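The values are calculated or read from the model by the stated rules, or taken from the named source; none is laboratory data. Keep in mind that this is a model prediction, so the values were computed, not measured. Cβ placement follows ideal geometry from the backbone for every residue including glycine, while neighbour counts extend to all protein chains displayed.
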Amino acid sequence: MHMHRRRPVPPLEARLSAHLRSTVWGPAEFIGLPPRWLVAEGLLAGCVGAGAIVGSTVAGAWYGLPGLADGEGGLVSVAALALYLCMVRAGRALIGIVAVLGVCLALQAPQTAVGLVLAERGQVESVVVTSVEGGPGSVSGHGRYLCSVADSDGVPLRVRIWRGCGQATRPGDTLAVVYDSKGRVPPRGVEGGASGSGPLRDLGGWATALVAACVVAVVRSYRLYRPTAGPQARPACDPGS
């Protein structure tokens, strides 16, 4: 009876495989649970990054700074967060995941920032519908109905309203629109029964995913030893601490 033995992995091949795994996903050179200070560092990096992405966008909408309100400041924060992860030598795949989640959060933040500004200092007024376009069969507008409206003085708004504009809306109908009292964000239609928790909930999901990815990336970047110029390596930190 012949027994098949597994071919031993050559040392060079094993080292290359370990190096590739360490480069892509991070070395994670710890036994058991990761150090608590390392988890705290990942939480801090993720919270600061998510806060900078959302905070810069909200500040831009509040103070009327187009570069920040459009999410450009958030994208800069994403780049800074990715650079930090590169500096701690996190896994390349995890850096990519953090960057993708950060970009998604930065792209979602502008609409939520506008909603927050209107919720804080918005004023509701009635406008008159002048025309209705769009609908499920339209190419533009994502299948929404878009209403062109004018204020009480007959001055048309520069933006078309989709919130509150539906299939039954006709020219001459009135819609409720919320304006920014300082004119720094565009007006929006008011939907009956709608609340501001939806966009915030979606933004919270992206932010939570970003923080979690940062924690994993920082934790897996942990190395017990770092190469030095001499023939020996010394610990990067005291394992007993």
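Things to note:
- Subset of the stretch 123-136 [free of Cβ contacts under 8 Å to residues at least 60 places away in the same chain and at negative phi]: 123, 125, 126, 127, 128, 129, 130, 131, 132, 133, 136
- Residue 126 at pLDDT 90 or above and small (Gly, Ala, Ser): yes
- Just so you know, in the stretch 27-60 the residues that are more than 27 Å from residue 107 (Cα to Cα) and among the charged types (D, E, K, R) include one that is modelled with the highest pLDDT, and it is 36.
- Candidates 99, 40, 90: the one that is touching a residue at least 24 places away in the same chain (Cβ under 8 Å) and more than 30 Å from residue 118 (Cβ to Cβ) is 90.
- Failed condition for residue 78, given (1) within 16 Å of residue 186 (Cβ to Cβ); (2) surrounded by 19 or more Cβ atoms within 10 Å (Cβ to Cβ): (1)
- Among the residues of the stretch 182-241, those identified as in contact with a strand residue (DSSP E or B) (Cβ under 9 Å, 6 or more places away or on another chain) and modelled with pLDDT under 55 are 226, 228, 233, 234, 235, 236.
- Pairs meeting the criteria (first residue in the stretch 155-183 and more than 15 Å from residue 135 (Cβ to Cβ), second residue assigned to a loop (DSSP other than H, G, I, E, B) and modelled with pLDDT of 90 or more, beta carbons under 6 Å, at least 6 apart or on different chains) are 159/186; 177/187; 179/187.
- Here 71, 64 are screened, and the one residue that is crowded, with 18+ Cβ neighbours inside 10 Å, of a type outside the set (S, T, N, Q) and under 23 Å from the mean Cα position of the chain (by Cα) is 71.
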